[in-house]
Amino acid sequence: MSTEDLFVERRRMAKMIEILKNTPITIREISNPDPIPAMLTPFDTKIMTTKASGMTKKWLVKRGIALGRGLTLEVKVRMSYGMIKKALLSTIYRKILGHYGVTGIEQLKYYNLGNAVGRAFERYEGEQLLRWIDKYMKRKIEDTNMDKDLAKIIVIATLKACTYARHNYYGTYFDLEPISKSEEAPEHGTEQKLSASESPS
């Protein structure tokens, strides 16, 4: 990427983050993934898929044998979805925190905030989710001395990214055999979409 292209990309990303900054945390906004898709380049998507594929394979090494017959297609789907969602959130956080110049250990508290919100997104819905977020945000901002505006951006970005992941990646799985500990993760993951008859109930 040339210096000019890098400058254009940074300006574009700054606009996306400004949109997130001015977006209220409401049920309507949570259900709208924009501007998350615009924040992702084709390269980001490729890296996310590769990373999620590798993480899924590592998980299969650690847990797959222990699960035995319990390692069903439904379990693989859940794990693949969880891993690609994790890779997506990590990509979004890196872009936002990089824009604000947050580095090192300071990043950790924002990653922790976002990951907690991502888990809550799967547990709660509607007003219950909004109430949980409001209480959790206030407590975390006070306890860890986070920047209030940046914390809010991370939260709304997480919620929108989770919606994006649910719409685009739920039902996707990596058709992988577990690798041995001596093997390397592959260059590219094999991403597949379940047919209606295979989808978990």
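Annotations
- The residues of the range 1-57 that are over 25 Å from Tyr170 (Cβ atoms) and among the hydroxyl-bearing types (Ser, Thr, Tyr), listed by number, are Ser2, Thr3.
- The single residue among Lys86, Lys46 that is open to solvent by 30 Å² or more (accessible area, probe 1.4 Å), under 20 Å from Ile154 (Cα atoms) and either outside any helix (DSSP H, G or I) or modelled with pLDDT of 90 or more (or both) turns out to be Lys86.
- Hits in the range 72-83 (condition: among the β-branched types (Val, Ile, Thr) and open to solvent by 10 Å² or more (accessible area, probe 1.4 Å)): Thr72, Val75
- For the range 1-43, taking the residues that are of a type in the set (S, T, N, Q) and either within 27 Å of Glu127 (Cβ to Cβ) or in contact with a Phe, Trp or Tyr (Cβ under 6 Å, 6 or more places away or on another chain) (or both), the one that is most open to solvent (accessible area, probe 1.4 Å) is identified as Asn22.
- When we screen Leu108, Leu97 for residues that are more than 11 Å from the chain's Cα centre (by Cα) and either modelled with pLDDT under 95 or open to solvent by 30 Å² or more (accessible area, probe 1.4 Å) (or both), the only hit is Leu108.
- Close pairs (8 angstrom Cβ cut-off, 6 or more residues apart or separate chains): among the hydroxyl-bearing types (Ser, Thr, Tyr) in the range 149-167, not in a helix (DSSP H, G or I) anywhere: Thr163/Ser31; Thr163/Asn32; Thr163/Pro33; Tyr164/Pro33
The values are calculated or read from the model by the stated rules, or taken from the named source; none is laboratory data. Computed from a predicted structure; not experimentally measured. Cβ sites come from the backbone with ideal geometry, for glycine too, and all protein chains shown count toward neighbours. Ligands, DNA and RNA are stripped out before the accessible areas are found, and what is left, the full protein with its side chains, is counted by its heavy atoms. Shrake-Rupley method; radii C 1.70, N 1.55, O 1.52, S 1.80 Å.
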